[in-house]
1. Tell me, yes or no, whether segment 155-173 has at least one residue that is among the aliphatic types (A, V, I, L, M) and within 17 Å of the chain's Cα centre (by Cα).
2. So which of 81, 68, 17 is part of a loop (DSSP other than H, G, I, E, B) and hydroxyl-bearing (Ser, Thr, Tyr)?
3. All but one of (1) exposed (fewer than 12 other Cβ atoms within 10 Å of the Cβ); (2) under 25 Å from residue 262 (Cβ atoms); (3) out of contact with any strand residue (DSSP E or B) (no Cβ under 9 Å at 6 or more places or on another chain) hold for residue 121, so report the exception by its number.
4. Among the helices (runs of 4 or more DSSP H) lying completely within segment 135-237, list those that include at least 2 residues that are acidic (Asp, Glu).
5. If you take the residues in segment 20-34 that are assigned to a helix (DSSP H, G or I) and out of contact with any helix residue (DSSP H, G or I) (no Cβ under 9 Å at 6 or more places or on another chain), which one is nearest to residue 287 (Cα to Cα)?
6. Against the conditions (1) in a helix (DSSP H, G or I); (2) outside the structural domain of residue 193 (by the TED database), where does residue 61 fall short? Just the number, please.
7. Give the number of residues within segment 238-269 that are in contact (Cβ under 8 Å) with a residue 24 or more places away in the chain and not in a helix (DSSP H, G or I).
Amino acid sequence: MTDTTQTTTAPGSGASTSHRALSRWFYSRPRARLGALLAFPLLWLGVLYIGSLVLLFITAFWKVDTFTSKVIPSFTLYNFTQILTQPAYQLTALRTIGIALAVTLLCAALALPLGLYMAKIASRRVRMILAIGITLPLWAGYLVKVYSWRLSFTNGGPLDWLLAPLGATGPGYGLGALVITLAYLWFPFMAVPVYSAFRQIPQNLFEASADLGGRGWATVWHIALPLLKPAIIAGSIFTFSLSLGDYIAAQFVGGKTQVIGTVIASNINLNPPLAAAFSTVPLVVVIIYLFLARKSGALNHF
């Protein structure tokens, strides 16, 4: 009688063997391993982000049939010509850029003394309270914050009530209200890097300046500000670009103030090619701003 020996294979051993072989293959090929890790993020970036921008740019060259109001795929520079030659569009673009610059300067002017106080003067408890106060608005909804400012700027609202004893009133809906609202929305993006930069400045630099006769703000201007330049520029990238592309705040508190976003929103259904062409304006402005920021060397520290 012949004995037969049966070999039993553990469940899943074939799969584990193939997994080990695949792991060894990737381990011996660093470039393939890097490509596998970056494949999905690059696909996401290429298809959803860059692909949508390419479609936007292509649509900007199309036209709308004046009789049927249908979009006709074609190649025309008419939309860009309108943007570059129409005074209304030029004024809207310049106004939007000016608002973004004003918001950036206001955020920087507020962040510098606050960052100095938090980093060099305030106690640990006060610093923690201020840090929470700066970052807490980031947890609130965007529309909630904008609508709260709309209520504040309304006629007879809380702002008018606070200024009534001084014989003054709030600015109401308009350009000033829009700048204040946008500065409130994006201030944390400027305050946090400025505070972090102040924390990294050695205390002995301030003491040495004081020993040489430098007063408080003279020390900040001549000693601290050059060291804060990278942080200010990094924060300005956020405040400038976010203000440049915002249009919901303009609709809520801007009154009759027209910005690039409101023009795009009003044409998105009536004239999509024109809206697409106008959408390239903030994109080009942000690219130029990033180029200038890079040329300044500030981004080398991040």
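1. No: zero hits.
2. 68
3. (2)
4. On the way: elements: 142-153, 158-163, 175-200, 203-211, 216-219.
Fully inside segment 135-237 and qualifying: 203-211.
5. My answer is 34.
6. Result: residue 61 fails condition (1) only.
7. Looking only at that region, the number is 7.
Let's see how each residue does on (1) more than 26 Å from residue 70 (Cα to Cα); (2) at pLDDT below 90; (3) surrounded by 14 or more Cβ atoms within 10 Å (Cβ to Cβ):
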{"site": "239", "(1), (2), (3)": "yes, no, yes"}
{"site": "243", "(1), (2), (3)": "yes, no, yes"}
{"site": "255", "(1), (2), (3)": "yes, yes, yes"}
{"site": "271", "(1), (2), (3)": "no, yes, yes"}
{"site": "281", "(1), (2), (3)": "no, no, yes"}
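The values are calculated or read from the model by the stated rules, or taken from the named source; none is laboratory data. Computed from a predicted structure; not experimentally measured. Glycine also receives a Cβ, built like all others from the backbone with ideal geometry; neighbour counts cover every protein chain displayed.
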